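The values are calculated or read from the model by the stated rules, or taken from the named source; none is laboratory data. Everything numeric here is computed off the predicted structure, so don't read it as measured data. Quick reminder, even Gly has a Cβ in these numbers, built from the backbone with ideal geometry, and neighbours come from all protein chains shown.
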């Protein structure tokens, strides 16, 4: 599967062709936490996929045929089906692809993960297990992870200084092979942010050759 | 099903006991559009349930143990499991109970219903803003916005060429959207669907559905509730009882 390290497509670029059979395409941006969620799920489930990065400050005209507002992430199947909103995309992948299920099977446990996801910003109250869904990593952990990875980059890592359980969760997450495979180097993130705040159109490609 | 027309429980009331086996309980409020979603699904799937109405202007202290946010709807089963957030309660019921599936089995079709739900997502807060506006002149901007949101829904129906949002028969997405369209008349907002003929046809079709008509509240009752609710009256939730 093609890696994440491709330049973002901007205005004037040609639209990519149809998605080949056996693959799913994700329209993404290397530093976006929402598409990070979907990339985590693609990786965790071992789904063959290709990544097309979009320049969010200089969107290609053709991209509005994929999403009416030009947002990411968007999934595109080989049958030209389009799925957007990060949580909807993650759930679609879990439903549509075999193998390891990230959402629990039990309806109440599924509902609990969805409630947690809704309350993410408001409540940090969870049970005494290593991960949010129990003793193994599951969907809810991947849905929350991208924001915690960015805490350090944004210089607000001390907001978990009074929440030891959450710090432990962060440490456990960093040991997960899927999380590790998609971890972005802190200096690359900072380089991106620096350029982004200067409205530099090359921000999205920071760190690529 | 017990309780749907019962007086609401308020501060100082005793907490209800555990939910009997074979039943599921919904904490609700007779005029709440969010809770109406859950009632529609319970009815559509023929799920045995009991209803406890909550006085949202004078909430019982024990209710925050059911939902820390203190909002309805909340489901409680005989195992003491609690589920809240209206869309999550609806999906839970569809998954946990057998019978007619309201959400499609196909992953893509299911995702489509959720994307339509997102398209609809601005409507509830717009309707609330409209409800709360102090000055009658402010509302033309809000009406414009609502009209724009409804045009998005019209586009879906136009592209799908079906009577309902999920196809040619009623499904989950229709029940999730309905409560706000039901309230347009009471809010004197019927003009917001003037330029969306398919949406108007959909509303008429919804009113003919047995589940929808069983849960429907008449315009006078809606108006009576709204009046008292805007005055912050603790009697609002029990209007008409």
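For region B:33-116, please list each of the helices (runs of 4 or more DSSP H) lying entirely inside it that holds at least 1 residues being within 11 Å of another protein chain (Cβ to nearest Cβ).
B:86-96
Hey, does region B:86-93 have a residue that's within 21 Å of residue B:44 (Cβ to Cβ) and surrounded by fewer than 20 Cβ atoms within 10 Å (Cβ to Cβ)?
Within region B:86-93 (the criterion being within 21 Å of residue B:44 (Cβ to Cβ) and surrounded by fewer than 20 Cβ atoms within 10 Å (Cβ to Cβ)), the answer is yes, since at least one residue qualifies.
Quick check: anything in region A:126-138 buried (at least 17 other Cβ atoms within 10 Å of the Cβ), in a loop (DSSP other than H, G, I, E, B) and at pLDDT 90 or above?
yes
Quick check, is residue A:59 more than 10 Å from chain B (Cβ to nearest Cβ), buried (at least 16 other Cβ atoms within 10 Å of the Cβ) and outside any loop (DSSP other than H, G, I, E, B)?
Against the criterion (more than 10 Å from chain B (Cβ to nearest Cβ), buried (at least 16 other Cβ atoms within 10 Å of the Cβ) and outside any loop (DSSP other than H, G, I, E, B)), residue A:59 does not qualify.
Quickly run through region A:39-51 and pick out the residues that are in contact with a strand residue (DSSP E or B) (Cβ under 6 Å, 6 or more places away or on another chain) and surrounded by 23 or more Cβ atoms within 10 Å (Cβ to Cβ).
Residue satisfying the conditions is A:42 alone.
Please verify whether residue A:13 is over 16 Å from the mean Cα position of the chain (by Cα) and touching a residue at least 12 places away in the same chain (Cβ under 8 Å), treating the condition exactly as stated.
Criteria met by residue A:13.
Keeping to region A:155-189, report how many residues are modelled with pLDDT under 90, assigned to a helix (DSSP H, G or I) and farther than 17 Å from residue A:131 by Cβ.
Residues that pass the stated criteria total 4.
Note down all Cβ pairs under 6 Å where the first residue falls in region B:49-67 and is free of Cβ contacts under 8 Å to residues at least 12 places away in the same chain, the second is assigned to a loop (DSSP other than H, G, I, E, B), and they're at least six residues apart or on different chains.
B:64/B:70
If you check residue B:176 against the conditions, is it in a helix (DSSP H, G or I), touching a helix residue (DSSP H, G or I) at 6+ places or on another chain (Cβ under 7 Å) and within 15 Å of residue B:36 (Cα to Cα)?
yes
Just need a number here: residues in region A:86-120 that are farther than 15 Å from residue A:142 by Cα and outside any helix (DSSP H, G or I).
5
Tally up the residues in region B:117-157 that are away from chain A (no Cβ under 14 Å) and assigned to a helix (DSSP H, G or I), please.
Summing the residues that are away from chain A (no Cβ under 14 Å) and assigned to a helix (DSSP H, G or I) in region B:117-157 gives 25.
Suppose we keep only residues that are at the interface with another protein chain (Cβ under 10 Å from one of its Cβ atoms) and farther than 19 Å from residue B:92 by Cβ within region A:93-122. Which one would you say is nearest to the chain's Cα centre (by Cα)? Don't jump to the end; show me each part of the working.
Going residue by residue through region A:93-122, those that are at the interface with another protein chain (Cβ under 10 Å from one of its Cβ atoms) are A:93-97, A:105-115, A:117-119, A:122.
Now narrow it down to the ones that are farther than 19 Å from residue B:92 by Cβ: A:93, A:96-97, A:122.
Numbers: A:93: 13, A:96: 18, A:97: 17, A:122: 21 Å.
Among those residues, the one meeting the criterion is A:93.
Of all residues in region B:195-239, which are in contact (Cβ under 8 Å) with a residue 24 or more places away in the chain and in a loop (DSSP other than H, G, I, E, B)?
Within region B:195-239, B:195, B:196, B:209, B:216, B:217, B:232, B:233, B:234, B:239 meet the criteria.
Does region A:16-29 contain any residue that is surrounded by fewer than 19 Cβ atoms within 10 Å (Cβ to Cβ) and part of a helix (DSSP H, G or I)? Talk me through it step by step, then tell me what you get.
Taking region A:16-29 as the starting set, the residues that turn out to be surrounded by fewer than 19 Cβ atoms within 10 Å (Cβ to Cβ) are A:16-18, A:20-23.
Those still in the list that are part of a helix (DSSP H, G or I) too: none.
No: zero hits.
One residue is enough: does region A:71-84 have a residue meeting the conditions part of a loop (DSSP other than H, G, I, E, B), more than 9 Å from chain B (Cβ to nearest Cβ) and more than 14 Å from the chain's Cα centre (by Cα)?
Yes.
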